[in-house]
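Asker: Pasting a structure below so you can have a look.
The values are calculated or read from the model by the stated rules, or taken from the named source; none is laboratory data. Predicted model, so just to flag it, every value in this text is computed and none were measured. All Cβ positions, glycine included, derive from the backbone under ideal geometry; neighbour counts span all protein chains shown.
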Amino acid sequence: MVRPLEGVRVVDFTWVRAGPWACRWLALLGADVIKVEWPDPAIGGSTGRVVRNVPGMGTTPEGVPRSMNSDGHFSDMHAMKRSATLNLRSPRGLQLAKDLIAQSDVVIENFSAGVLKSWGLSFQEMQAVKKDIIYVSMAGFGQTGPRAEYQTMGPSVQALSGLTFTSGLPGKQPAGWGWSYMDDTGGMYGAIGVLTALQHRHNTGEGQHVDLSQVAAAMTLTGPALLDLTVNGRGVRREGYPPGDRSVWPGTPKVYNHRGPISAPHNSYRTKGDGHNDWSVIVCETDEQWQNLRRVMGNPAWADARFDTLNGRLEHQEALDEHIQEWAANLDKYELTAMCQSGGVPAMAVQSSEDRVEHDPQLKHRGMYEPAPHPVLGTWPIQQAPWKMSKTPTPVDRGGPLCGENNIDVLCGMLGVTQEELRAGYEDNTFWPKSVPVEPYLIEALEGQKVG
């Protein structure tokens, strides 16, 4: 099976979430992604691995001993990659990093501006060893400008771009977002930068530096709110901004806005069961859809002429929601969703992460979460690509690597390090931090090579 990016090698200097997420998709597409890492607790917990003994840190499954290789989140985020450990702050490590870049196509990192340059790996220094190298940097503000050196994380990127300000209820502070959305979306912009630069190099033979600003990337997602302000003169925190689930709240103006057209019913309804996510959303945007919902509910006597028009449904919205709630409470959320959808009514079940992985019928049919093996975690469902490629399939067939798992292949096989040098480097802070006991599998791999 040939994947689209087979033959492309990526040196992955990323950490935390956005950068690793970009490289995950490149690996899925077939690139040989080599994650260069340094599991030293002194640099904090943001290597992605659990390198510090902080209670509650990481996502180790129940029954699996906690270690730097036991984090399920890390395994998903680094699926399909290879791992090599290298101290870039040592002269030997820096030279080996340059040797690796000389045999690669792409270098990608998401540190704050200037970090790689401070290591001795500026774009010009990379070009000196590989003229057509593609370098993708993913700093919060980019590599230039008065704020370039500011450090950001996903939530701060969202706040700085204006995304956070678009959330929340009238008269209250912005609520923020429940997930570091720009870590994932920033990662996708990073992958797009790599693919675009590869296409340019294919056409011209030229490498280039792709200088991505994650804050600027986030600003592109504020488009609907910006249009509502510039075209309609309505700011995000305007009077009567609809709170909660309803498109119009009682006592507030009936304003069409960037959240969508006025409609009723427009709410989330508790369904059968007592789980936190046992709810289903129902929306009727037209009178026809309301009549469809009446039929789905069995034409109950309460659904009389009061509700035949949008204005009537808005005027009696409290009673409308109470009656729909009584009906919904007797149905499973997936059953209710299927009934409404087949009857011509927009509806969807509210889902938890467990629901999406274990119960969502559409995602199950599409094979969105399929089992993949990991030497420490065992076999677990892992997120697949959202696309289906008929000629070049891209399944995830293994989880993330163990730390330094591919040291022999990369350091010895590609870069000419002898096994004796590798063994010594595990002790002298070149290939493994002195502050961390060397993982037994690294020594066992050397012993196995020696015996073989």
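Asker: Within the range 302-354, can you find the residues that are of a type in the set (D, E) and either under 14 Å from Q291 (Cα atoms) or part of a loop (DSSP other than H, G, I, E, B) (or both)?
Answerer: Answer for the range 302-354, where residues must be of a type in the set (D, E) and either under 14 Å from Q291 (Cα atoms) or part of a loop (DSSP other than H, G, I, E, B) (or both): D304, D308, D332.
Asker: Kindly indicate the residue of the range 315-354 that is polar (S, T, N, Q) and free of Cβ contacts under 8 Å to residues at least 40 places away in the same chain and also surrounded by the fewest Cβ atoms within 10 Å (Cβ to Cβ) among those meeting that condition.
Answerer: The selected residue is S353.
Asker: With the requirement that a residue be assigned to a strand (DSSP E or B) and among the aliphatic types (A, V, I, L, M), what does the range 203-213 give you?
Answerer: Result: V210, single match.
Asker: Among the residues of the range 260-307, how many are at pLDDT 95 or above, closer than 18 Å to R246 by Cα and charged (D, E, K, R)?
Answerer: 2
Asker: Scan the range 70-98 residue by residue and report those that are assigned to a loop (DSSP other than H, G, I, E, B) and in contact with a Phe, Trp or Tyr (Cβ under 9 Å, 6 or more places away or on another chain).
Answerer: If the condition is that a residue be assigned to a loop (DSSP other than H, G, I, E, B) and in contact with a Phe, Trp or Tyr (Cβ under 9 Å, 6 or more places away or on another chain), then L86, N87, L88, R89 are the ones that fit.
Asker: Is it true that D99 is at pLDDT 95 or above and in contact with a helix residue (DSSP H, G or I) (Cβ under 7 Å, 6 or more places away or on another chain)?
Answerer: So D99 does not fit the description; no.
Asker: Okay, moving on. Would you check if there is a residue in the range 126-136 being out of contact with any Asp or Glu (no Cβ under 9 Å at 6 or more places or on another chain) and of a type in the set (A, V, I, L, M)?
Answerer: Scanning the range 126-136, I find at least one residue that is out of contact with any Asp or Glu (no Cβ under 9 Å at 6 or more places or on another chain) and of a type in the set (A, V, I, L, M), so the answer is yes.
Asker: Just need a number here: residues in the range 407-431 that are assigned to a loop (DSSP other than H, G, I, E, B), surrounded by fewer than 16 Cβ atoms within 10 Å (Cβ to Cβ) and either among the aliphatic types (A, V, I, L, M) or not assigned by TED's automatic domain parsing to the domain that holds L88 (or both).
Answerer: The qualifying residues number 0.
Asker: If you don't mind, there's one more thing I want to ask. Pairs only if they're at least six apart or on different chains, beta carbon under 6 angstrom, first in the range 432-452 and in the same structural domain as S67 (by TED's automatic domain parsing), second at pLDDT 95 or above and small (G, A, S); list them, first residue then second.
Answerer: L442/G404
Asker: If you check T144 against the conditions, is it on the phi < 0 side of the Ramachandran plot, surrounded by fewer than 15 Cβ atoms within 10 Å (Cβ to Cβ) and touching a strand residue (DSSP E or B) at 6+ places or on another chain (Cβ under 8 Å)?
Answerer: Spelling it out, T144 is indeed on the phi < 0 side of the Ramachandran plot, surrounded by fewer than 15 Cβ atoms within 10 Å (Cβ to Cβ) and touching a strand residue (DSSP E or B) at 6+ places or on another chain (Cβ under 8 Å).
Asker: Hey, among A139, A97, A128, which residue is in contact (Cβ under 8 Å) with a residue 12 or more places away in the chain and either within 19 Å of V16 (Cβ to Cβ) or surrounded by fewer than 18 Cβ atoms within 10 Å (Cβ to Cβ) (or both)?
Answerer: Going through A139, A97, A128 in turn, the sole match is A139.
Asker: Out of the residues in the range 56-92 that are on the phi > 0 side of the Ramachandran plot and under 20 Å from the mean Cα position of the chain (by Cα), which is surrounded by the most Cβ atoms within 10 Å (Cβ to Cβ)?
Answerer: It comes out as M80.
Asker: Name the single residue that is nearest to T204 (Cα to Cα) among those in the range 99-135 being part of a loop (DSSP other than H, G, I, E, B) and of a type in the set (S, T, Y).
Answerer: S104
Asker: Does at least one position in the range 214-224 carry a residue that is in contact with a strand residue (DSSP E or B) (Cβ under 7 Å, 6 or more places away or on another chain), crowded, with 19+ Cβ neighbours inside 10 Å and either at pLDDT below 95 or not in a loop (DSSP other than H, G, I, E, B) (or both)?
Answerer: Within the range 214-224, none of the residues are in contact with a strand residue (DSSP E or B) (Cβ under 7 Å, 6 or more places away or on another chain), crowded, with 19+ Cβ neighbours inside 10 Å and either at pLDDT below 95 or not in a loop (DSSP other than H, G, I, E, B) (or both).
Asker: If you don't mind, there's one more thing I want to ask. I need the full set of residues from the range 355-388 which are without any contact (Cβ under 8 Å) to a residue 40 or more places away in the chain, in contact with a helix residue (DSSP H, G or I) (Cβ under 7 Å, 6 or more places away or on another chain) and part of a strand (DSSP E or B), in order please.
Answerer: Y369, P381 - these are the residues of the range 355-388 that are without any contact (Cβ under 8 Å) to a residue 40 or more places away in the chain, in contact with a helix residue (DSSP H, G or I) (Cβ under 7 Å, 6 or more places away or on another chain) and part of a strand (DSSP E or B).
Asker: On to the next question. Let me spell it out: the conditions are (1) part of a loop (DSSP other than H, G, I, E, B); (2) within 22 Å of L446 (Cβ to Cβ), and G399 meets all of them except one. Which number is the exception?
Answerer: Condition (2) is where G399 drops out.
Asker: Okay, next question. Criterion first (over 22 Å from the mean Cα position of the chain (by Cα) and either under 22 Å from G30 (Cα atoms) or among the charged types (D, E, K, R) (or both)) does Q95 satisfy it?
Answerer: It is false that Q95 is over 22 Å from the mean Cα position of the chain (by Cα) and either under 22 Å from G30 (Cα atoms) or among the charged types (D, E, K, R) (or both).
Asker: Does A113 satisfy the condition of being surrounded by 19 or more Cβ atoms within 10 Å (Cβ to Cβ), farther than 21 Å from P433 by Cα, in contact (Cβ under 8 Å) with a residue 12 or more places away in the chain and not charged (D, E, K, R)?
Answerer: For A113, the condition - surrounded by 19 or more Cβ atoms within 10 Å (Cβ to Cβ), farther than 21 Å from P433 by Cα, in contact (Cβ under 8 Å) with a residue 12 or more places away in the chain and not charged (D, E, K, R) - is met.
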